[in-house]
Amino acid sequence: MRMPSAADLAWLIPLMPLMGAVITGLGLISFNKTINRLRRPVAVGLLSCVGASAILSYAVLAEQIGGSPPVEHLFIWASAGSFVLPMGYVVDQLGAVMLSLVTTIAMLVMIYSHGYMSHDKGYVRFFTYLALFSSSMLGLIVSPNLLEIYVFWELVGMCSYLLVGFWYDRDGAAHAAQKAFVVNRVGDFGLLLGILGLFWATGSFDFDGIASGLSAALADGTVPLWAALTLCFLVFMGPMAKSAQFPLHVWLPDAMEGPTPISALIHAATMVAAGVFLVARLDPLYSQFQSIQFVIAIIGTITCFLGASIALTQMDLKKGLAYSTVSQLGYMMLAMGCGAPVAGIFHLVTHAFFKAMLFLGSGSVIHAMEEVVGHEPVLAQDMRLMGGLRKKMPITSITFFIGCIAISGIPPLAGFWSKDEILGQAFNTFPFLWLVGFLTAGMTAFYMFRLYFLTFEGDFRGENIELQNQLLLAAGIQVEEDSNHEIGSLHESPMSMTYPLIFLAVPSVFIGLLGMPWNSKFAFLLEPKEALEITANFHWIEFLPLAFASVFISSLGILLAVFSYYLNRINLGEIVAARFPLINSFLSNKWYLDDINEKIFVRGSRKLAREVLEVDAKVVDGVVNLTGLLTLGSGEGLKYLETGRAQFYALVVFGGVIALVALFGVLG
């Protein structure tokens, strides 16, 4: 009897965190006070579940690296006549990479959360949500068809709603969770229509079956080209929302209202990665339609530039990183549109490590700032109150600095290799889009080092009470004159929070070396044939000019940040605000997209709801009330005819007969 391989046991990877979450959740429902007192045992138990999934994921990845074939196990979930719907799980090279990535980041985030959420009354509930969130993403990765992916897709969305709105007693968190839910429903509705439409056209939910079926349907004329393109775009609407692509990106920055550990998990390995992963899974379908790929590339490029341009003006540390994520997701979609899914996934992997490190680093900073300015997010997250933290928080500052270098695309750190691969593919496919991505690389380097210098260098500004009051008033928060907040001292975060930062710094530096274009081990793992072609066509004379240009524009952005925010030789903020007030206002107001959504969709839907309510109250209720009134009135009138005397009834019958005779006489 053959021993089962790690891939044969891959169904346990999403199941173990799910079982841990279900058991803890049922305990919270049934024995709330008791379970909440068992904080450490619950955390250890859930962390063990995710850790076991991580170990099994590494074993699966090792098998795939060793050359094992993809493994697929299916069972019939539903059947009716000729219709058969299989479910199960599939493990291939792409799935193995994603499983290892998600479990690693989730495990580190849970370790970090032990320190960050240690004093929160919802500690156990938070860990339960984390385990459920991780399980949902892992289930999505191993899904063998679009229908099963949709189930886990919605579970991921539900978990993000719960975690973004974790502090539901805060208005900001409640509104952010609702915004994320509504915006993602728009994308998910398109995804569902696309899935059903593709099944109608091809009779399959399987990825390869859909691609080959649609190709055959187009060839024999069963499905017109416009319908095929429409269905492909509808499916892409799901990734547009999940991976925060323009114009459905607006939920992601607001999602920063949730606890910082979940921001790291969402931005690095789970929700936003789901959209990029699905587009990569559907590459056999999208590669048939160059027009759809061009649309994906255009949307990715707009998102890339939009996120970077808005990040230039952000003063909230977490929102600056959030718009950075929007921009980097744009790069990934640009790669998908250029027909280079391997490059897009490679950037997803490298970005996951350094962006998780940056977000957890921001959480470490906020955790320290709360000791000085209190727990009001407006103050604890505003970089105008920071500065000089490098001396007090050396581990956080060093790891944050490494993350800034990595995302800026400076070799040999990870971000250079993955971002440069995308720019190289764009240069060969859509040169104009390459130019936008190239300029965005310089903006990325500038705003990231702007974040670093405002946070960690210079003098500490957090004890400036006047500035604190100004920021509170600007945010519409009442200033308490008799506030007796006890000011603490800045200090480094506990080891449970700094250990994940140190661990993440290692792949942020070295993992990019797996994707060197002249010998990309990452590409050889995911697409061996494509990797051989890339290696065979690699020429230093083509690579070096683009690489030098990329490093040059990034170095220029860093240099500008040094002169503006470290040496204070240039007051860039005042120069831009004075000379280009419209541009400054445009960027500060986030391209006015939130205002447009507020006026058109939010206020429009409220107006429509009021009008519908008016129709319901006056027309529908009016008809019902009139019917009731007529019934009541007729009853009141007829009751006087009920005397109970036989003589009276006989008189009525006689009168009726006389009336009928008279009527027929007139008609005759």
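The values are calculated or read from the model by the stated rules, or taken from the named source; none is laboratory data. Keep in mind that what you see is a predicted model, and the values were worked out from it rather than measured. Counting neighbours? That spans all protein chains shown, and the Cβs are built from the backbone with ideal geometry, glycine included. The accessibility values were calculated without ligands, DNA or RNA, using every heavy atom of the protein model including side chains. Shrake-Rupley method; radii C 1.70, N 1.55, O 1.52, S 1.80 Å.
Odds and ends about this structure:
- V164 under 23 Å from N597 (Cα atoms), β-branched (V, I, T) and touching a residue at least 60 places away in the same chain (Cβ under 8 Å): yes
- Yes/no for L132 being under 22 Å from L26 (Cα atoms), more than 14 Å from the chain's Cα centre (by Cα), touching a residue at least 60 places away in the same chain (Cβ under 8 Å) and crowded, with 19+ Cβ neighbours inside 10 Å: yes
- Residue within the range 194-213 that is open to solvent by 50 Å² or more (accessible area, probe 1.4 Å) and of a type in the set (V, I, T) present: no
- Out of F353, F359, sole residue that is within 20 Å of A255 (Cα to Cα), open to solvent by 10 Å² or more (accessible area, probe 1.4 Å), of a type outside the set (S, T, N, Q) and in contact (Cβ under 8 Å) with a residue 24 or more places away in the chain: F353
For (1) out of contact with any Phe, Trp or Tyr (no Cβ under 7 Å at 6 or more places or on another chain); (2) modelled with pLDDT under 85; (3) open to solvent by less than 50 Å² (accessible area, probe 1.4 Å); (4) among the hydroxyl-bearing types (S, T, Y), each residue gets a yes or a no:
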residue: K529; (1), (2), (3), (4): yes, yes, no, no
residue: F563; (1), (2), (3), (4): yes, no, no, no
residue: E574; (1), (2), (3), (4): yes, yes, no, no
residue: S585; (1), (2), (3), (4): yes, yes, yes, yes
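- Per the listing L321, L285, the residue uniquely within 18 Å of the chain's Cα centre (by Cα) and modelled with pLDDT of 90 or more is L321.
- Only one of L138, L248 that is part of a loop (DSSP other than H, G, I, E, B) and open to solvent by less than 50 Å² (accessible area, probe 1.4 Å): L248
- Annotation note: Cβ proximity below 9 Å between a residue of the range 513-525 that is assigned to a loop (DSSP other than H, G, I, E, B) and aromatic (F, W, Y) and a residue that is open to solvent by 20 Å² or more (accessible area, probe 1.4 Å) and at pLDDT 85 or above (sequence gap 6+ or interchain) occurs for W518/W540; W518/F543.
- Residue within the range 508-525 that is buried (at least 17 other Cβ atoms within 10 Å of the Cβ) and more than 21 Å from E421 (Cα to Cα) present: no
- Residues in the range 303-322 that are open to solvent by 10 Å² or more (accessible area, probe 1.4 Å) and closer than 17 Å to W251 by Cβ: Q314, D316, K319.
- Total residues in the range 42-69, condition more than 17 Å from M16 (Cβ to Cβ) and free of Cβ contacts under 8 Å to residues at least 24 places away in the same chain: 3
- All conditions but one from (1) at pLDDT below 90; (2) open to solvent by 10 Å² or more (accessible area, probe 1.4 Å); (3) not charged (D, E, K, R) apply to P341; the one that does not is (1).
- If you go through the range 552-602 and pick out every residue that is at positive phi and among the polar types (S, T, N, Q), you end up with 1.
- In the range 536-544 there is at least one residue that is open to solvent by less than 60 Å² (accessible area, probe 1.4 Å) and aromatic (F, W, Y).
- With respect to the conditions (1) surrounded by 15 or more Cβ atoms within 10 Å (Cβ to Cβ); (2) in contact with a Ser or Thr (Cβ under 8 Å, 6 or more places away or on another chain); (3) at pLDDT below 90, L15 lacks only one, and its number is (3).
- Number of the exception - H119 against (1) touching a residue at least 60 places away in the same chain (Cβ under 8 Å); (2) of a type outside the set (S, T, N, Q); (3) in a loop (DSSP other than H, G, I, E, B): (1)
- Flag if L130 is modelled with pLDDT of 90 or more and touching a Gly at 6+ places or on another chain (Cβ under 6 Å): no
- Top-ranked residue of the range 153-171 - restricted to ones that are assigned to a helix (DSSP H, G or I) and of a type in the set (S, T, Y), ranked as least open to solvent (accessible area, probe 1.4 Å): S160
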